[in-house]
Amino acid sequence: MVLVDSSVWIDYFNGVPTPETDRLDALLGQEVVATGDFILVEVLQGIRNDSDFRAVKRALSEFPSFDLLGRERADRVAMRYRRLRRNGVTIRKAVDVVIASFCVDEGIPLLFSDRDFLPMVKYLGLKPAVYLH
């Protein structure tokens, strides 16, 4: 199973070829590809056209989706955010730490193109999916 971040989904649905969208193409039909509630929000909130919104929402509904936070994980997210800050890392969006924490806790690799996840690979043990197989 691989969790796919909004940074990859957005490029994928916009037809932007990147190593990560190529990786997503390769994973489809070969691995379980999943998403999460916060990822869905990030992807869907930026779609301006109603028919595109419905099409993307329908496409994403085909994949397993997880609730990424919850009370118990919230404490770990805050501690991880603080650990990153102690190491001199400024995270622009706390939701990225939520996504990374879910992946770390569940042992699920994350496919991402957002460079903000790179310190989470180094300091939190996040597994990047781009290097799998």
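The numbers here are math on the coordinates, done by the rules we state, and not lab data. Every value quoted in this text rests on a predicted model; they were computed, and no experiment measured them. Every residue, glycine among them, receives a Cβ derived from its backbone with ideal geometry; neighbour counts consider all protein chains shown.
Applying a DSSP loop filter and a limit of 14 other Cβ atoms within 10 Å to the GluC sites (Glu not before Pro) in the range 52-107 leaves Glu62. Within the listed set Ile108, Ile47, Ile99, the Gaussian network model of the chain (springs between alpha-carbon atoms below 10 Å) gives the highest mean-square fluctuation for Ile47. Each principal axis of the range 1-59 carries a Cα extent, and these read 31, 23, 17 Å when sorted largest first.
Short-range pairs are left out: with C-alpha atoms under 8 Å and at least six residues apart, the relative contact order of the chain is 30 percent.
Can you tell me the 0 to 90 degree angle between the C-alpha axis of helix 71-86 and the longest principal axis of the chain, rounded to 10? With both axes taken from Cα atoms, the answer is about 70 degrees. Dipole magnitude for the chain: computed about the Cα centre from +1 point charges on Lys and Arg Cβ and -1 point charges on Asp and Glu Cβ, it is near 700 debye. When the helices of the chain are scored as -39500 (n - 2.57) per DSSP H run of n ≥ 4 and the total is divided over every residue, the value at 222 nm lands at -16500 deg cm²/dmol. Between the C-alpha center of the range 96-122 and that of the range 1-42 there is a gap of 14 Å. Out of every Cα-Cα pair that the range 2-131 contains, those further apart than 26 angstrom amount to 19 percent.
The lysines within cross-link reach of Lys57, meaning a Cα-to-Cα straight distance under 29 Å and a gap of 8 or more places when in the same chain, are Lys93, Lys127.
Scanning the chain for trypsin sites (Lys or Arg not before Pro) lying in DSSP loops with no more than 12 further Cβ atoms inside 10 Å, the longest uninterrupted stretch between such sites is 1-47.
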